[in-house]
Amino acid sequence: MLATRLCTMRKLPSVLARKLTSGTSGSPVLPDMSEGHLPIHVNNVRSRLRDIVGASTNWRDHVQAMQERKALHTLLAKRQEDLPPRRMKDSYLEVILPLGSQPEIREKYLNVHNSVRFGRILEDLDSLGVLICYTHTKQETQPRSPLSIVTALVDKINLCKKIIYPDCDIKFTGNVSWVGRTSMEVKMHMLQLHGGDYSPVLDATFVMVARDPENKRPAFVNPLIPESPEEEEIFKQGELNKLKRIDFSTASLLKMAPTAEERNIVHDIFLNTLDTRTVSFRSRKLPPNSVWMEDAKLKGLQICHPQERNIFNRIFGGFLMRKAFELGWATACSYGSSRPFIVSVDDIMFQRPVEVGSLLLLSAQVCYTEKNYIQVRVHSEVYDADTREHHTTNIFHFTFISENEVPRVIPKTYGESMLYLDGKRHFAAIMKDI
């Protein structure tokens, strides 16, 4: 069986068999920090988080638990300079997901294709990222942390394996790689055990923010001190990542007009879809092997139950990512008429929290295609039944690769053309990195 699997891995497309790097392309590899660190079982990550903030395991006690956290305001630092600096290895953690050695936990992670559900991996990465940040900001004299640390952004998750096997142990590692005044960048890696050795599966970059005990205002976090030239480069890369995010946001098509090249692309699509039998701007004709964008979408609804809450009694960000990914995967599967494989996740911005009891509306749209690749954008919003208002909570971007070449998605309206160009931008950024 192992030989068959290795053979399958050798046949992967080159994009999925690339060498795993730390963060974006060209960034330095983090020094080994594993010495002296005992791995944590994946089931203990969230229980550790509850202990750190004093969260209750019972939903009926959540109001009292949050009231008790208000008293922790006095423990917050008035200035970042008042906090002791930390090293990268101070926040280093290893987490084991023993799918091979403990088969009883396997079913939760198993999908119908007998591989690991990537949505579950997103949940584990989100929890680990938060725990790493609490490890960075830990004060030995404080039994409970006054900080509320939440995920602000999933900057990037790049995969180098097509399939994650359900009967081999998985190891997650990670540490804080860059720190601002109230925010922290976390780099995490996932490896899977094959033939006695752990081989890389993915690397991820998350951005976390620290807030006060009531999760209302920003709070200062410990500064980070690089200890070697390699760590200096990693820290500088974190600063560059921040600047890139600012530039990408500034150039957003929701703020700025498309470039001249992009305008030509949109106009060429318009000309290629005109019905030559009529002299009308409204008469459009679908080219061969193409699909109108309006016909390449799926929608879903989730009722947000207490079971899916985080340690601050709002809906767990990993749950939102899992649900968005699963809808995005189903959309890519339906569009390509074959099983899609995730290549990359990028630019997931958590714009506002989702409260327990919310109606969560998800809308997945194929916004760009190229050869075997499918770029899917998932928009999530909450609906307030009392006010009948909709509020956007997240935008998710997923890049899939299909087993076969897929039809070209064609926008019809100007709004769809902007979605197309935005998807093209995200796809180009992913291809540049890998």
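The values are calculated or read from the model by the stated rules, or taken from the named source; none is laboratory data. Here the structure is a predicted model, which means the values were calculated and not measured. Cβ placement follows ideal geometry from the backbone for every residue including glycine, while neighbour counts extend to all protein chains displayed. These area figures cover heavy atoms from the full protein model, side chains too; ligands, DNA and RNA do not enter into them. Shrake-Rupley method; radii C 1.70, N 1.55, O 1.52, S 1.80 Å.
A few comments on the model shown:
- Residue within segment 236-255 that is in contact with a Ser or Thr (Cβ under 6 Å, 6 or more places away or on another chain), assigned by the TED database to the domain that holds GLU81 and either of a type in the set (S, T, N, Q) or open to solvent by less than 90 Å² (accessible area, probe 1.4 Å) (or both) present: yes
- In segment 190-200, the residues that are assigned to a strand (DSSP E or B), in contact (Cβ under 8 Å) with a residue 40 or more places away in the chain and either in contact with a helix residue (DSSP H, G or I) (Cβ under 6 Å, 6 or more places away or on another chain) or surrounded by fewer than 22 Cβ atoms within 10 Å (Cβ to Cβ) (or both): LEU193, HIS194, PRO200
- Here segment 277-297 is the region considered, the condition is being in a loop (DSSP other than H, G, I, E, B) and open to solvent by less than 40 Å² (accessible area, probe 1.4 Å), and the residue that is modelled with the lowest pLDDT is SER283.
- Against the conditions (1) touching a Ser or Thr at 6+ places or on another chain (Cβ under 9 Å); (2) assigned to a loop (DSSP other than H, G, I, E, B), ASP386 satisfies every one except (1).
- Residue in segment 252-259 that is part of a helix (DSSP H, G or I), in contact with an Asp or Glu (Cβ under 9 Å, 6 or more places away or on another chain) and modelled with pLDDT under 95 present: no
- Search result, residues across segment 255-300 that are out of contact with any Pro (no Cβ under 6 Å at 6 or more places or on another chain), aliphatic (A, V, I, L, M) and under 16 Å from GLN365 (Cβ atoms): ALA296, LEU298
So that you can scan it fast, the table gives a plain yes or no per residue for (1) without any contact (Cβ under 8 Å) to a residue 60 or more places away in the chain; (2) out of contact with any strand residue (DSSP E or B) (no Cβ under 6 Å at 6 or more places or on another chain); (3) among the small types (Gly, Ala, Ser); (4) closer than 23 Å to ARG48 by Cβ:
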position: LYS299; (1), (2), (3), (4): no, no, no, no
position: PRO306; (1), (2), (3), (4): no, yes, no, yes
position: ILE311; (1), (2), (3), (4): no, yes, no, yes
position: ALA324; (1), (2), (3), (4): no, no, yes, no
position: LEU327; (1), (2), (3), (4): yes, no, no, no
position: CYS333; (1), (2), (3), (4): yes, no, no, no
position: SER344; (1), (2), (3), (4): no, no, yes, no
position: PHE350; (1), (2), (3), (4): no, no, no, yes
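One line per residue, one yes/no per condition, for (1) polar (S, T, N, Q); (2) under 19 Å from ARG120 (Cβ atoms); (3) at pLDDT 95 or above:
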site	(1), (2), (3)
PRO306	no, no, no
GLY317	no, yes, no
TRP329	no, yes, yes
SER334	yes, no, yes
MET349	no, no, no
ARG352	no, no, no
LEU362	no, yes, yes
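- Of everything in segment 260-276 that is surrounded by 15 or more Cβ atoms within 10 Å (Cβ to Cβ) and not in a helix (DSSP H, G or I), the residue that is farthest from the chain's Cα centre (by Cα) is LEU274.
- Meets criteria (touching a Lys or Arg at 6+ places or on another chain (Cβ under 9 Å), crowded, with 17+ Cβ neighbours inside 10 Å, among the aromatic types (Phe, Trp, Tyr) and not assigned by the TED database to the domain that holds LEU159) for PHE350: no
- Only one of the listed residues (ASP203, ASP247, ASP155) is touching a His at 6+ places or on another chain (Cβ under 7 Å) and either under 22 Å from ALA428 (Cα atoms) or in a helix (DSSP H, G or I) (or both). That residue is ASP203.
- Of all residues in segment 56-91, those that are open to solvent by less than 50 Å² (accessible area, probe 1.4 Å), in a loop (DSSP other than H, G, I, E, B) and either polar (S, T, N, Q) or at pLDDT below 90 (or both) total 1.
- Tally, over segment 101-146, of residues that are in a loop (DSSP other than H, G, I, E, B) and either among the acidic types (Asp, Glu) or open to solvent by 30 Å² or more (accessible area, probe 1.4 Å) (or both): 15
- Complete set of residues in segment 298-311 that are open to solvent by less than 50 Å² (accessible area, probe 1.4 Å) and more than 20 Å from the chain's Cα centre (by Cα): PRO306
- Among the criteria (1) open to solvent by less than 40 Å² (accessible area, probe 1.4 Å); (2) within 19 Å of the chain's Cα centre (by Cα), the one LYS162 does not fulfil is (1).
- Matching option when the condition is assigned by the TED database to the domain that holds ASN272 and farther than 19 Å from LEU286 by Cβ, among GLU370, GLU403: GLU403
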